[in-house]
Structures are given as C-alpha cells and as structure tokens.
Amino acid sequence: MCQNCNSKKTYYITTAIAYTSGKPHIGNTYEIVLADSIARFKREQGYDVRFQTGTDEHGQKIELKAEAAGVTPKEFVDGVAAQIKSIWDLMNTSYDKFIRTTDTEHEMQVQKIFKKLYDRGDIYKGYYEGLYCTPCESFFTESQLADGKCPDCQGEVQPAKEEAYFFKMSKYADRLIAHINDHPEFIQPVSRKNEMMNNFLLPGLQDLCVSRTSFKWGIPVSFDSKHVTYVWLDALTNYITGLGYDCDGVNGHLFEKYWPADLHLIGKDIIRFHTIYWPIFLMALDLPLPKQVLGHPWLLQGDGKMSKSKGNVMYADTLVDFFGVDAVRYFVLHEMPFDNDGVISWELMVERMNSDLANILGNLVNRTISMSNQYFGGEVRNGGVSDTLDEELKAVVLDSVKKTEERMDELRVADAITEIFNIFRRCNKYIDETMPWVLAKDEMQKERLATVLYNLVEALTIGASLLEAFMPETSARMLALLKTEKRALGNMDRFGLCPSGFRVIEKPEILFARMDLKKVLEKVQEMNTAEAANACEPNADEVIDIGAKPEITYDDFAKLQFQVGEIIACEAVEKSKKLLCSQVKIGSQVRQIVSGIKAHYSPEEMVGKKVMVVVNLKPAKLAGVMSEGMLLCAEDAAGKLSLMIPEKEMPSGAEIC
C-alpha cells in the first residue's frame, strides 16, 4: 500500500512502440506477450497496473514506403497500426493504452518538449555529416560501423550531410554514469549494462542529431519549419505523453500517479536508445528516470534474426491458425531464456504442443476428470486418508507457487512457467505412484481413492490459477472443467481450500490435441507455395512507364548474345557498397561478372541461381575488378531490382532468343 494513502501500489509497464513499416513477425509479437504476462501477474500480486504499448509512425523509411505504395504517409501508417493492434488483440494482451505517435496530443507535447530543451540551451543548430542508416533512422561514424554496415540492423549505410539540431548529450553523461552505478537494477540483464557503459558512456558521448531536413514525414519543429523532429526524441517521449505529461507543468492525473515507469520492456537492439538517450532527455526535463529497463533477447528462426529479406519470417496469426493463441503464448514465453536468444521453428512448436501441452497438461486434466466421473460420478471430496505421497505432492505444489512468484519478481518469465509445469509433472507422477485404478478395485480403499482425486483437483486448481498470467484462456478452461474457482495468489500458501463434495464436468473436452508433424509441415509447404504464387500474380493496377529509346533494327538486336548462366560462386567486391562479383557458368565456360545489386541480394542468395546474361558485352573494370558480361534485371518504381530468371528449368548456356 502507499505510505500516504489507502490505494494500491502502482506498477507502470511499457513495451517499445512497434514501428509501422510493416506487419510485425512473431519475434516482434513476443515482446507484447511477455509484457502482458508480467502485467497480469503484477495484478495478481495486488498492484494497480498501467500497461502501455503502441506504434511509432514517423520517419524517412515510412515516407518512402508510402510513396512506393501510392498513398500518403498517414494513410500508410493508419493501415499498419490497425494491423499491429489487431495482432496484439489476437494474442489476448491486456494493455490499458495503445498510443500512436501521430496522436494529436503526443505531437503537440513533442513540439513543446523540443522548444523547451532548445530554450534551455540543451539543443542547438549545426550540420551533420556522417553515415546514415534509413531503416534505423540513425547516423553513425566510420568507427561505429560493423564490417562497414549499420551496427544495429547490419544494413547498408549512406553518406549524408544536412543542417540539423543537436542535443548536448555530454552535458549529462557523468550524471547518467553515476545513476547507473548507484542503481545496479536499472539496466537488465547485467550484460546489457556492461555493453552500454563500456561501448558508449565511458568512451564519451557525442552530441545527438535530433532533427532532419531531408524528409517531411515527422513532427515539425515549431520554430523552424524546415526541420522535423528526429524519430527517437519523438518515439521515446510516448512513455510520458501517453500518461498525460504536459511540458508546461499541467500534468494529467495518470502521469502524477504512474510516473516514473517501473519497467520499460524492449528488445536488446534498442537498449542504447532507452538507457542512454531516454534517461538524458528525462534529466534535461527534470523528470525522474524509469526504475528499470529490460533488454530482452531475440526470438530467432533457425540460427538467424527474422527478417523479410531473409524470407524466414513467421507471423503470430499464422501460428495461431495452426496451434491456437495460448499454445503460441506458451511457446514464445517458455522458449526464451532471460539473457540468451531463443529459437522457434515448426518442428519445435509441434514438439512442445505434443509433449508439454497435450501430454503433460491436457492428458493430466482429462485423466483426473475422467477418473472422478468413473469412480465417484464426478463428485470430488476429501476422503481424509493420506500418506507420505500426498505430503510430497503438497510440498512440490506450494514450493512451486513460491518459486513462481520469486521468478516473476526477477522477470524470469520462462523459469516461472517451468515452475508451474513442475506442478503438472508432479501430478502425473502422483497418479503413477498412487495408481487410482488399483485403488478402485478395493472397496476398503474408497476413501483413499477419494483423497487422491481430491488432491489432484486441488493441485490442478492451483496450477490453473497460476497459469492465468501466461495462458489466460487455458486457465479459464481448466477451472471450468474442474468446476473450481480461481485461487487468489495470496491464498496459494495453503493446500486443501477446494470445498469437499462438488462435481467436475461430466464430459471433459480436450485442452490440446496432439499434432502430426508430417501433416503440419505439408500444410506449411502448401501455404508457402500459395503465398509465393500470389506474390507472383501481376497487379493489373501496377504499371511503370519509362522513356522510349531510339528504335533499332533486328540487325542491331542480333548483335547481342543472350544466354542462360548458372551462378556457382559470388562475393562482395571490397571497398564497394554496391557491387557483387559472381562466377557464372555459361555452357562449358565460367565468366566473372560484376553487378551493382548488393543492396538487393546477398552473395549467399546468388549462388545456384539460373540467370539471363548478356555474354558479348565488352569486358570492363568496375572498382578494379574485371567484368565479362552483364546480368539482366528488372527494376520497379521504388528502385528494387529483381534478377531475370528462366520460367522453366533450362541448362546453363541455353541461348535466349
């Protein structure tokens, strides 16, 4: 309880706001489910919880995507934001506020914040010259790049110079270092804290670019119309504007009640923005810092981070169609370690579905209810005949309750779920040990049999109640089948609170059905094939007109030699941001061809492709590398290139005529 009032203790939790460049994949969706499980559990602990999520909707990347789609940026983000919200709702997340950075109140406060920081001398005008990553909306120096690429997304960077406003980061650096040292819990896990201190803070902070002039889709700087607010100053402030923060000091009651945030839950790739830039912005505004920032790991598909460019994306709605909402929630929460990346695949999903959900949990509930109906007409009562096996079961159940709460206080959600499933595992073992089917054959053991089944229902009631934060629908279904009431967390320190003499449901439904991996993979393949076919369908409304070149005769055309080539090796050209060097087998010959397609294909993607080649082009040196031909490509309105490939399988060297 609060020291000065009778209200509940508050808990304010936020996710990073999702960028509206496209549909979020299951790795993005993991974060909202993780935050939801923490929010739900905190409510069970008696907290007054405020749970905020939303969308980040400004920036150059969105401006370009909207242009390519032929719509306004606002129309584009309206569609994507609605899609993101629908997925968050599909996953049964209990957020209290879904903020959009295009909300009028947010935009107004961002303008006021920018002006206030400028008036205080924390923001000044200058020029920025550096290397810019459009997807990350970030400038980098040469030394900050990773193998010449963006250190955050590993994408290409381009030289850029423009007039910009800058924030004096170094002014607050020492104060932030002191805060981190004085509050070891501020950045979690510890590995993220060490990374921020050693790689960014201790070497010295550079002033931060906080405005742009090269695009228009952003919040305008109120006193300089050429500039729009840099996306991070815009996006990060959502955590306070969503509570009704007012830069003039007339704050809403939600801000006064819930700020500072108890937890900012974010992906590890944006930890720098939340533990360096955001705290410094708050210091400049004379506001308290959030109590904790947790940079969670990534959910990987196979051995790599999910991305559309890699073609390894899995989406929440697709997985829900296969497995159901709670099965997907269980998987993403259970399979993610606290500070190491997790892995998702169709094979692992089916394995967990069959072993954990169908067998350990679903079969246990079904067996318990079926035996209660078979031996006692569905009645559940405590026969009062106990032995040491019962005490062992009770000890495991009560210990798991305690450990679940401890793990959740540490934000170790995967470990908390493991503790809950320890209850179910011990119940299955208890059935094997007590052998109710044997007890049922002996009339003298009737009260002992009743006690065993009562203990199982009691243990399942506690387990189902604990499970609500993680698998809310499953929790409710279990309690409905058992016909018991949800147990409050404060009442889980005792075993035996179920009343004696009630009846379970007569015909239990199957909680989770086992799945055939082969059939699932076949269905996935059919789905992928259909999607690929749809992607190849021409859009009748999408056409491109280009300027006409002078007419040529057939004799002119006949001078060109086109053949099918097979790329047998490919590598990036050193000191070039655009070129790939391919070894192309054309008939019995191998030719070296340099192409400016590095932004569209990785060397690994190129190998094995059958391509169309202009063979008799005069050899030329590109970036110091000899090129002996040209690969044919198509280019769309957005500048995206696609290699021209034969529609049907053709041998290397086949003539194109």
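The values are calculated or read from the model by the stated rules, or taken from the named source; none is laboratory data. Bear in mind the structure is a predicted one, so any value in this text is a computation, not a measurement. Counting neighbours? That spans all protein chains shown, and the Cβs are built from the backbone with ideal geometry, glycine included.
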**OP:** Please work out which one of (1) surrounded by fewer than 14 Cβ atoms within 10 Å (Cβ to Cβ); (2) at pLDDT 95 or above; (3) hydroxyl-bearing (Ser, Thr, Tyr) is the condition Ser475 fails and give its number.
**Re:** (1)
Original post:
In the range 167-184, which residue that is of a type in the set (A, V, I, L, M, F, W, C) and assigned to a helix (DSSP H, G or I) is farthest from Gly121 (Cα to Cα)?
Top reply: Ile180
**OP:** State yes or no: is Ala532 modelled with pLDDT under 90, out of contact with any Pro (no Cβ under 7 Å at 6 or more places or on another chain) and not in a loop (DSSP other than H, G, I, E, B)?
**Re:** yes
**OP:** State all residues of the range 538-596 that are at pLDDT 85 or above and among the small types (Gly, Ala, Ser); if no residue qualifies, say none.
**Re:** Gly565, Ala572, Ser582, Gly587, Ser595, Gly596
Original post:
Which residue pairs have Cβ atoms under 9 Å apart, sit 6 or more places apart or on different chains, and have a first residue in the range 117-130 that is closer than 10 Å to Tyr165 by Cβ and touching a residue at least 40 places away in the same chain (Cβ under 8 Å) and a second that is in a strand (DSSP E or B) and aliphatic (A, V, I, L, M)?
Top reply: Leu117/Ile123; Tyr118/Val221; Lys125/Ala164; Gly126/Ala164; Tyr128/Ala160; Tyr128/Ala164
Original post:
Is it true that Lys193 is surrounded by fewer than 16 Cβ atoms within 10 Å (Cβ to Cβ) and not in a strand (DSSP E or B)?
Top reply: no
Original post:
Met471: farther than 15 Å from Ser372 by Cα and over 32 Å from the mean Cα position of the chain (by Cα), yes or no?
Top reply: no
**OP:** Output the residues belonging to the range 33-84 that are of a type outside the set (A, V, I, L, M, F, W, C) and over 30 Å from Phe139 (Cα atoms).
**Re:** Asp36, Ser37, Arg40, Lys42, Arg43, Glu44, Gln45, Gly46, Tyr47, Asp48, Arg50
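Per-residue answers, yes or no, for (1) modelled with pLDDT under 95; (2) over 23 Å from Glu44 (Cα atoms); (3) β-branched (Val, Ile, Thr); (4) in a helix (DSSP H, G or I):
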{"residue": "Ile369", "(1), (2), (3), (4)": "no, yes, yes, yes"}
{"residue": "Glu405", "(1), (2), (3), (4)": "no, no, no, yes"}
{"residue": "Glu419", "(1), (2), (3), (4)": "no, no, no, yes"}
{"residue": "Gln445", "(1), (2), (3), (4)": "no, yes, no, yes"}
{"residue": "Leu449", "(1), (2), (3), (4)": "no, yes, no, yes"}
{"residue": "Asn455", "(1), (2), (3), (4)": "no, yes, no, yes"}
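For the range 219-258, give me the residue count where each residue is part of a strand (DSSP E or B) and within 17 Å of Phe281 (Cα to Cα). Please lay out each step first, then the result.
Quick first cut of the range 219-258, residues part of a strand (DSSP E or B) only: 220-221, 224-229.
Filter again for within 17 Å of Phe281 (Cα to Cα), leaving 221, 229.
Within the range 219-258, residues that are part of a strand (DSSP E or B) and within 17 Å of Phe281 (Cα to Cα) number 2.
Taking the range 140-172 only, how many residues are buried (at least 20 other Cβ atoms within 10 Å of the Cβ) and within 21 Å of Glu63 (Cα to Cα)?
So the answer is 4.
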Original post:
Within the range 191-226, which residues are under 30 Å from Met108 (Cα atoms) and either touching a Pro at 6+ places or on another chain (Cβ under 7 Å) or among the polar types (S, T, N, Q) (or both)?
Top reply: Gln206, Ser211, Thr213, Ser214, Trp217, Ser222, Ser225
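Of all residues being farther than 30 Å from Gln292 by Cβ and basic (Lys, Arg) in the range 383-431, which is surrounded by the fewest Cβ atoms within 10 Å (Cβ to Cβ)? Just the residue, please.
From the range 383-431, those farther than 30 Å from Gln292 by Cβ are 383-397, 424-431; that's our starting set.
If we keep only those that are basic (Lys, Arg) too, we end up with 394, 425-426, 429.
Numbers: Lys394: 18, Arg425: 17, Arg426: 21, Lys429: 14.
Here the answer is Lys429.
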**OP:** Examine the range 264-275 for a residue that is part of a loop (DSSP other than H, G, I, E, B), of a type outside the set (Lys, Arg) and either in contact with a helix residue (DSSP H, G or I) (Cβ under 7 Å, 6 or more places away or on another chain) or in contact (Cβ under 8 Å) with a residue 60 or more places away in the chain (or both), and state whether such a residue exists.
**Re:** no
Subject >> Unique match (being closer than 19 Å to Val396 by Cα and assigned to a loop (DSSP other than H, G, I, E, B)) among Asp493, Asp432 >> reply: Asp493
**OP:** Mind listing whichever residues of the range 462-478 are within 16 Å of Asn422 (Cβ to Cβ) and without any contact (Cβ under 8 Å) to a residue 60 or more places away in the chain?
**Re:** Ala464, Ser465, Leu467
Original post:
Which residues, counting only those in the range 39-74, are farther than 24 Å from His253 by Cβ and β-branched (Val, Ile, Thr)?
Top reply: Thr55, Ile62, Val71, Thr72
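Among Val320, Val313, which is the only one that is at pLDDT below 95 and β-branched (Val, Ile, Thr)?
On the way: Val320 fails: at pLDDT below 95.
Just one listed residue meets the conditions, Val313.
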Original post:
Can you pull out the residues in the range 437-452 that are within 19 Å of Gly378 (Cβ to Cβ) and hydrophobic (A, V, I, L, M, F, W, C)?
Top reply: Trp437, Leu439, Ala440, Leu449, Ala450, Val452
Original post:
Can you tell me which of Ile597, Ile552, Ile593 is without any contact (Cβ under 8 Å) to a residue 40 or more places away in the chain and part of a loop (DSSP other than H, G, I, E, B)?
Top reply: Ile552
Subject >> Selection status of Arg120, among the charged types (D, E, K, R), within 30 Å of Leu285 (Cα to Cα), surrounded by fewer than 19 Cβ atoms within 10 Å (Cβ to Cβ) and out of contact with any Lys or Arg (no Cβ under 8 Å at 6 or more places or on another chain) >> reply: yes
**OP:** Please work out which residue is surrounded by the most Cβ atoms within 10 Å (Cβ to Cβ), limiting yourself to the range 320-357 and to residues that are small (Gly, Ala, Ser) and over 16 Å from the mean Cα position of the chain (by Cα).
**Re:** Ala327
Original post:
Out of (1) more than 12 Å from Val594 (Cβ to Cβ); (2) in contact with a Lys or Arg (Cβ under 9 Å, 6 or more places away or on another chain), the odd one out for Gly624 is which?
Top reply: (1)
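Taking the stated definitions as given, is Glu485 surrounded by fewer than 18 Cβ atoms within 10 Å (Cβ to Cβ) and either free of Cβ contacts under 8 Å to residues at least 12 places away in the same chain or part of a loop (DSSP other than H, G, I, E, B) (or both)?
Values: surrounded by fewer than 18 Cβ atoms within 10 Å (Cβ to Cβ): yes; either free of Cβ contacts under 8 Å to residues at least 12 places away in the same chain or part of a loop (DSSP other than H, G, I, E, B) (or both): yes.
In short, yes.
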**OP:** Check Pro603, Pro646 and return the single one that is within 44 Å of the chain's Cα centre (by Cα), over 30 Å from Val157 (Cα atoms) and of a type outside the set (Gly, Ala, Ser).
**Re:** Pro646
